[in-house]
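Asks: Mind looking over this structure? Questions follow.
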Amino acid sequence: MTIADILDAETMASLQSDLAAIRWIDGSGTAGRTAQAVKRNRQADLTSRIGLAIRDRLDTAIRTHPVILAAA
C-alpha cells in the first residue's frame, strides 16, 4: 500500500535541510556479525541531536497520518 502526502512541502524542505547537516556513519556498525563483512554503506546517525529530531518528526508524521489511524 502506498500512502501519499505523509509530509507536506514545508516539512519536506525542512527535513532535507536537516539531512544535509546530519553526520553519516559506517553502516556496518548496525549490521549483524555475518553482514559486517559485506555491508558497505553510510547511514544517518540518528543518535545525534539532529538525528533524533528527524526521527521524531518522521515518526509523528507517520503515526498521526489519517490512513495509519484508520488502519489501527
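Asks: Going 7 Å from the Cα of D5 in the Cα-to-Cβ direction, what parts of segment 36-72 have a backbone nitrogen less than 14 Å from that spot?
Replies: Those under the cut-off are 65-68.
Asks: With unit charges on the beta carbons (Lys and Arg positive, Asp and Glu negative) and the dipole taken about the Cα centre of segment 1-48, which residue among L15, A44, G29 sits farthest to the positive side?
Replies: G29
Asks: Hey, what angle do you get for helix 49-63 against the long axis of the chain, alpha-carbon based, 0 to 90 degrees rounded to 10?
Replies: Helix 49-63 sits roughly 40 degrees off the main axis of the chain.
Asks: When the dipole is taken about the Cα centre of the chain, and only Lys, Arg (+1) and Asp, Glu (-1) are charged at their Cβ, what size is it in debye, to the nearest 20?
Replies: 480 debye
Asks: What nm value, rounded to one decimal, do you get for the distance between A71 and K39 when each label is placed 7 Å out toward the C-beta?
Replies: Each label point lies 7 Å from its Cα, and together they span 2.5 nm.
Asks: For the chain, compute Rh as the Kirkwood radius over C-alpha pairs and then the Stokes-Einstein diffusion coefficient at 37 °C and 0.692 mPa s; write the answer in µm²/s, rounded to an integer. Provide the component values of the computation, followed by the final result.
Replies: Values: Rh = 14.2 Å.
Once the numbers are plugged in, D ends up at 232 µm²/s.
Asks: Below 8 Å between Cα atoms, with a sequence gap of 6+, how large is the relative contact order for the chain in percent? Mind showing how you got there, number by number?
Replies: On the way: 47 pairs, mean separation 20.7, N = 72.
Relative contact order comes out at 29 percent.
Asks: First compute the accessible area of the chain with a 1.4 Å probe, then give the percent of it belonging to carbon and sulfur atoms.
Replies: That fraction is 57 percent.
The values are calculated or read from the model by the stated rules, or taken from the named source; none is laboratory data. Keep in mind that this is a model prediction, so the values were computed, not measured. No Cβ is skipped: glycine too gets one built from the backbone with ideal geometry, and neighbour counts run over all protein chains shown. Heavy atoms of the whole protein, side chains included, go into the accessibility calculation; ligands, DNA and RNA do not. Shrake-Rupley method; radii C 1.70, N 1.55, O 1.52, S 1.80 Å.
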